[in-house]
Amino acid sequence: MGHASDRLREIRASVTRETLLCLAAVLLMSFEGQVLNSSLYAHVATYFGIAREINTFVGAAFAFVLFVVAMRKPSLLDKRLILIATLGCLLTSTVVLEMAMPLGNGAFTVVGLAFSRIGSLSAMAFVAIALCKLPSMLSITVAAAGGLSLGAVVQAFMPLLPVEAGIIVAALCSAISIALLYRPARGALDRIASREAPIDLELANPESFFAPTHGLFLCTLLFSVASGYALTLNEVEHAPAFVDIIAVVLVGVALWMILSRVSDKEDKLFSFSCLLVIAGFLVAPLTFFSETASANALIRIGIVSFDILLWLVIAAVGRRNALALLPTFALLRCMKAIGTNVGAIVGHTSNDLIGVDSQPAAIMASIVLFAFVAFLWIGFRKFSFVDAIKGIVEVGVRTVEDGRPSSLASRSASDEKAAEKGKALSGGGDRAAAGDGGVADGVMAAGGGTAIADGATAGDEAADAPPSITRGDGCAGDLFVGERDGTDSGIPDTIEARCSRLGAECGLTERETEIFAMLARGRNGRFVMEHYVVSRNTVKSHVKHIYAKLDVHSQQELIDLVEHAE
């Protein structure tokens, strides 16, 4: 009883005003998707069936553009510009669709849906940023899991909306979400826009960002194929099949995610999602000539459970390294759109084949199932969402204090380990005795940043200190709560000597030692590229070798190591 009462107190404390706003926004975005699929797309399919696929492709293209901008030119992410453009897109889509859809005009319908998709993705970006600002991972879980599960409950009781009403409701869902979250998100957007481009920071901090080939994105692509298949399989008047049991199960999933204190619940939710999707594909051939939607229900529950997981991952990544938030969000949405299109094409083909011969449709379902299981077995047997989150290392935070590079925030356990390591190296001792390279339990949040112990989001015990980042000029600031300034001028030349000594002890080449010293002074990868007039890949290769030889994982740890060397 004591543990249960403690958990309930934690939940009550996590349900703040901001948590409820985020929950409402997630609910609205979920409901918007339902309106689009059951009302708008179902009507458009009667006169221009490929419109949904075209619109999904537009969403993928816009998400990719957002990814490129967030990585290369974050200064373009001006909050007022985004707000005006988003509201303009939503208004344009409403006007165009209200005129085009009653007339059955396919070209203008596609244009209207494209504006709607852009506005919707922008609203989701606001949701992602606002989730990162919540006080704890438990608050994020309440908002994400609660919003998506309640969205399914609303769908179970909400009657099918007329097309004209659906157009307005879909636009209002995105607009209201932005209105709810603009104030919490605007400060973070300002600071993201004022920072150095992540693509430059990534050179010196390779473990602070997910690579585009990371398993997280491939896994999202795979699940989205299943999602697209479920949306089109056994359609009822071009609308996805839905049964009330979906809402019941998803509410149970949300309650388990909120109440459970299991350390690896994200991985368990992933396993649950996989099993349900596999079960759905196994059952699919049995539903081709029946009125049941059991296959759709199983796959849909698995997909929404996976969507809950994605929101948690996006928020957790943003809390650990805020500059990785929008690139991760955008690339996940891009993969999701591409996968949904592939799955929808397979589902439409299967529906066409059922009317002629069910055997080819059953074979197609078996092929999709085999591909799904094969990819999971080959590529994701050892994949862990908890480890993926823990693998994100914060971009370092350092400024100059008393002539030495030092943290702007309070010392962490990693500082002590770096000190031990530096002493061991400088004393010529065994490097193995230095510890684990400045990372406590595989997780290091530099300079008072967000440390997540016992499995990243595990147990909702993530430290609540906001994540910090490094600017190109050496200044540092907290992305979500104000800023603090410093400069990198005045660093004494003893850094060069320390780096030379550490480089010699760790087997660094002459060029690597030079780059090591630059990184220790807070220089970024772009500076190294321009100084030596070399390619980005060359710098990445040098940094990778330097980090491996020094047994560090980020520029923050590297600076810690130099600072504590004697």
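The values are calculated or read from the model by the stated rules, or taken from the named source; none is laboratory data. Everything numeric here is computed off the predicted structure, so don't read it as measured data. All Cβ positions, glycine included, derive from the backbone under ideal geometry; neighbour counts span all protein chains shown. Ligands, DNA and RNA are stripped out before the accessible areas are found, and what is left, the full protein with its side chains, is counted by its heavy atoms. Shrake-Rupley method; radii C 1.70, N 1.55, O 1.52, S 1.80 Å.
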Can you spot a residue in region 9-21 that is touching a His at 6+ places or on another chain (Cβ under 6 Å), closer than 30 Å to Val251 by Cβ and surrounded by 20 or more Cβ atoms within 10 Å (Cβ to Cβ)? no
Look through Thr92, Thr86 and report the one residue that is assigned to a helix (DSSP H, G or I) and open to solvent by 30 Å² or more (accessible area, probe 1.4 Å). Thr92
So which residues in region 22-48 are outside any helix (DSSP H, G or I) and either among the β-branched types (Val, Ile, Thr) or open to solvent by less than 50 Å² (accessible area, probe 1.4 Å) (or both), if there are any at all? Ala45, Thr46
Mind checking which pairs have a first residue in region 218-241 that is under 27 Å from Ala330 (Cα atoms) and among the hydroxyl-bearing types (Ser, Thr, Tyr) and a second that is in a helix (DSSP H, G or I) and at pLDDT below 75, Cβ under 7 Å, 6 or more apart or different chains? Thr232/Asn351
Looking at Val543, is it under 24 Å from Leu325 (Cβ atoms), modelled with pLDDT of 85 or more and among the hydrophobic types (A, V, I, L, M, F, W, C)? yes
I'd like to know if region 261-278 contains one or more residues that are closer than 30 Å to Phe527 by Cα, touching a residue at least 12 places away in the same chain (Cβ under 8 Å) and assigned to a loop (DSSP other than H, G, I, E, B). no
Got a sec? Which of Ala284, Ala279 is surrounded by fewer than 20 Cβ atoms within 10 Å (Cβ to Cβ) and more than 21 Å from the chain's Cα centre (by Cα)? Ala279
Sole residue being over 18 Å from Leu325 (Cβ atoms), aliphatic (A, V, I, L, M) and modelled with pLDDT under 95, chosen from Ile82, Ile118, Ile54: Ile54
If you check Ala295 against the conditions, is it within 30 Å of Glu530 (Cβ to Cβ), open to solvent by less than 50 Å² (accessible area, probe 1.4 Å), in contact (Cβ under 8 Å) with a residue 60 or more places away in the chain and of a type outside the set (Asp, Glu)? no
For Ile140, indicate whether it is touching a helix residue (DSSP H, G or I) at 6+ places or on another chain (Cβ under 9 Å), hydrophobic (A, V, I, L, M, F, W, C) and farther than 20 Å from Leu259 by Cβ. no
Residues that are touching a residue at least 40 places away in the same chain (Cβ under 8 Å) and over 19 Å from the mean Cα position of the chain (by Cα): does region 205-215 have at least one? no
Would you mind finding the one in Leu138, Leu121, Leu103 that is open to solvent by less than 10 Å² (accessible area, probe 1.4 Å) and either over 14 Å from the mean Cα position of the chain (by Cα) or within 23 Å of Ala85 (Cα to Cα) (or both)? Leu138
Given (1) farther than 28 Å from Asp387 by Cβ; (2) touching a Lys or Arg at 6+ places or on another chain (Cβ under 7 Å); (3) buried (at least 17 other Cβ atoms within 10 Å of the Cβ), index of the condition Met257 fails: (1)
Reported set for region 507-566 where residues are among the aromatic types (Phe, Trp, Tyr) and crowded, with 24+ Cβ neighbours inside 10 Å is Phe516
When you go through Ile246, Ile176 one by one, which is the residue that is closer than 30 Å to Pro162 by Cβ, open to solvent by less than 10 Å² (accessible area, probe 1.4 Å), touching a residue at least 24 places away in the same chain (Cβ under 8 Å) and not in a loop (DSSP other than H, G, I, E, B)? Ile246
Is there a residue in region 498-516 that is of a type in the set (Gly, Ala, Ser) and within 19 Å of Glu196 (Cβ to Cβ)? no
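The rows are residues; the columns are (1) open to solvent by 10 Å² or more (accessible area, probe 1.4 Å); (2) outside any loop (DSSP other than H, G, I, E, B); (3) over 29 Å from Asn55 (Cα atoms).
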residue	(1), (2), (3)
Arg195	yes, no, yes
Asp200	yes, yes, yes
Ala211	yes, no, no
Gly228	no, yes, no
Leu231	yes, yes, no
